[in-house]
Every structure is written in C-alpha cells, then in structure tokens.
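Chemist: One structure is given below, represented as structure tokens, and several questions about it will come after.
The values are calculated or read from the model by the stated rules, or taken from the named source; none is laboratory data. Fair warning: this is a prediction, and the values are worked out from it, not measured in the lab. Because the Cβ atoms are built from the backbone with ideal geometry, glycine has one as well, and the counts that use them run over all protein chains shown.
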C-alpha cells in the first residue's frame, strides 16, 4: 500500500489541515500518516487561536514515522514559524523524502495569518528546493514574488517567474482568486499548462488548498506523472466542492467522501434501482403500468444532466400482473422521466427518484388515504413554449406545482389532453422510497375493492 505523510496544522473544525489531508489520502486509496505542526481552535467562521508545536517535537514526529513506516510522498501545509520550517526541511532532507508537495499556507479562508511574516523567506530558501511541486494560490504567489497578480496572464507569468528564479522546480498556481473561472496554471520549466475549471457558486470552500495538495501527493505516490497528478487532483477538488453539503455558518468544508467514491456511488444507485424493481415485481403492480409504459429513474446528488440520470433502457413494461424490463438499469436511459426528475431536484435537492404509473381517480384516492402529499397541473394551462427542448412540458409542470405549493410533493398528476395520456408521477428520495410508495398505493387500491 502506498504511503503519504502530511505535515500540517490541525483544524478543530475538520475541514482543512491534517483532517482534510487524512480524509483525502485515505479516500484516494493510500495510507496516511501525519506530523502536527500547530493546533488551531477554529470553526467555519474563523481561526480563534493557534498553538504552535515545538519544532523539535515536529521533527521527532516525522523522524519516528519515516524510520518505521516510510513514505512514497509527502505534503506540507501550515508550518507557521521559521523554526518549524527549518526543522521540517532538515528531517525531510535527511530521509530524502520523494514526491514532496509544498502548499505554502499563509492565510485561512477567513483571512487569519497562518504563517509568520519572517517565515516566508525560510519557506523559499529551505523547503522549496526539496519540493517536486509548490502549490501557492495567487495571493500567496504574489507575497513570494513581491508583486500583485490580477489576471490569468499574470498567473502564467508568475508561474514562469517562480521556476526561473529557482523558487521551485515545478509550480501550480491556483487561480481561484482570479477571473471568472477557476483556472490554475502549471509550469515545470518546460511545459506551461492552463488547467481550467468551472467556478462553483458556494461557500463550502474551506480546506480546498489542503485537499488539492494532498490529492496531488497521493496521486504521485500512486505512480502518476506530475502533470497528470495535478490534473487528477483538479478534478477531485472540483467534485469535492460540487458535492459539498452546508455545514456551519461560515466557509463550510468540501465533500471528500462523495468526490472519491463517485464510481462506487453510481454502482450503488444502479443496484438500488434493481432492488426497487424486484420489490415492484414481487408486489405485482402490473395493472399500474400506463399504456405508454413506465420507468423508474434516479439521480446521484451531483447529477444535473440527463446523462447522469439512471433508469431502465426500454422502460418498465407490464407482464401479466407484474412487470419486467428489457435491460439492466444504466445512465442516460430515460429522457422523459429524467427531465421530470431533474426539474424536481432543481427545486428540492433531496428529491432524487421518480416513477410514473397509470392514472385513475381510484389511485389518487388511494394516495390521499395514505396521506401522501399530492398536487396536480392542467395541461390546458401549459404555455406554447413548454414543449421545446429548452423548456420541456415536465419542467414547466414541476415548476408550476412548486410555485403553487412551495414544495415538491410525493405525487404530481395530470388528467391528460389530446394525444397525451393522463399520468401519475411518484417522487421520492431514493428508488426504494418511490417503489415503497407505489406498492402502498397498490395495496390501498386492493383494500378499496374489498
């Protein structure tokens, strides 16, 4: 198993520092060890206090780890003082630590100084020469170089300048503070590369630099070339930001878990669809399948496009009193129900599954008896533009219901129109949740017939 040591400060809030590094390294498949350089009392709003670890004890932590466990890569984060930098550089040099990534952490997200002013030169003189890569953000690069950086072109010039002046063998300057897009610039003395990324409108950005640098170190430990490791880490941190859940009242943490386990979560979602289908088959809900057939669709937390919606190719068909499918579930398999689901998820991110069933007044009465939340729309009120590619009927319908009720209900139905079959759509948090509601409706209909 590949090993990565992180040498950084502790974040009591868990979003940055050692805590973010260990999460990242572990979830990307390597073994994480650590040396703590400072203790911080902080949350998502501010760093309240910093307590530096004595430099000799910082060095001792690294020494005992490397002399026993060893490492395939290392990263440094918050080092705080010049004596700590000197101690770290000395022990790393003695062990000839490979694949060292230096993140010159100078400020917290809330603006608190994490590196003393007189320590910047020690960082450049003592630690940078040992690094395979240095990862400052634009303000940190500006402090190192002694001039402002205000444009992406300026970031490129700064990256070249840092390498040519011998400040680093290779550098990636993070451009999150510059321009409209989150464009980073990589330069290794030979090749200059812009690594573009979308700017995500969120306050959940605490620890992004720590996560990015520890991801690079991990990919290096796993054997990726430097430029590829940087590109992979860029994808990882983008997903970690995109999938972040709101935590705290300030700058919240990113979501390392979902970013690392996207493929596993996709497989889990497909398995959940299969499980829900088996439940529907066992419950014999065949008479609830509409003439146009049915589908059960689900979307992962990050899904925003039809390609990211999982469903059953060829739909769910009635077979006697039960249901069958032609193929296993897959992504991008349902345009119609996919549009309905994405429309609902945009209004309520917890709604991540939907299924359509045959309309009948009896089925609506059954849903009412079950105390499901129900709403409807009238196709006669549908604007002419609702049928085009940009503004589908179901997108309009879901938006119409949401504006009317202020929520996405369990059931949205319509009574059809010329050439349009009336339909009931069941929404829920998961495929199993939706299947359970459909099965309850079937059982209630059965009770009504007795």
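Chemist: Look through the stretch 130-156, keep the residues that are surrounded by fewer than 16 Cβ atoms within 10 Å (Cβ to Cβ) and without any contact (Cβ under 8 Å) to a residue 24 or more places away in the chain, and return whichever of them is nearest to the chain's Cα centre (by Cα).
Modeler: Per the stated criteria, the residue is 153.
Chemist: Also, quick follow-up: Mind checking which residues of the stretch 189-217 are modelled with pLDDT of 95 or more and either over 18 Å from the mean Cα position of the chain (by Cα) or farther than 12 Å from residue 75 by Cα (or both)?
Modeler: Result: 217, single match.
Chemist: Quick test of your reading of the structure: residue 66 fulfils all but one of (1) closer than 28 Å to residue 224 by Cβ; (2) not in a helix (DSSP H, G or I). Name the failing condition by number.
Modeler: Result: residue 66 fails condition (2) only.
Chemist: Here is a further query. If I go through the stretch 224-235 residue by residue, how many of them are surrounded by fewer than 24 Cβ atoms within 10 Å (Cβ to Cβ) and either touching a residue at least 24 places away in the same chain (Cβ under 8 Å) or touching a helix residue (DSSP H, G or I) at 6+ places or on another chain (Cβ under 8 Å) (or both)?
Modeler: Number of matching residues: 7.
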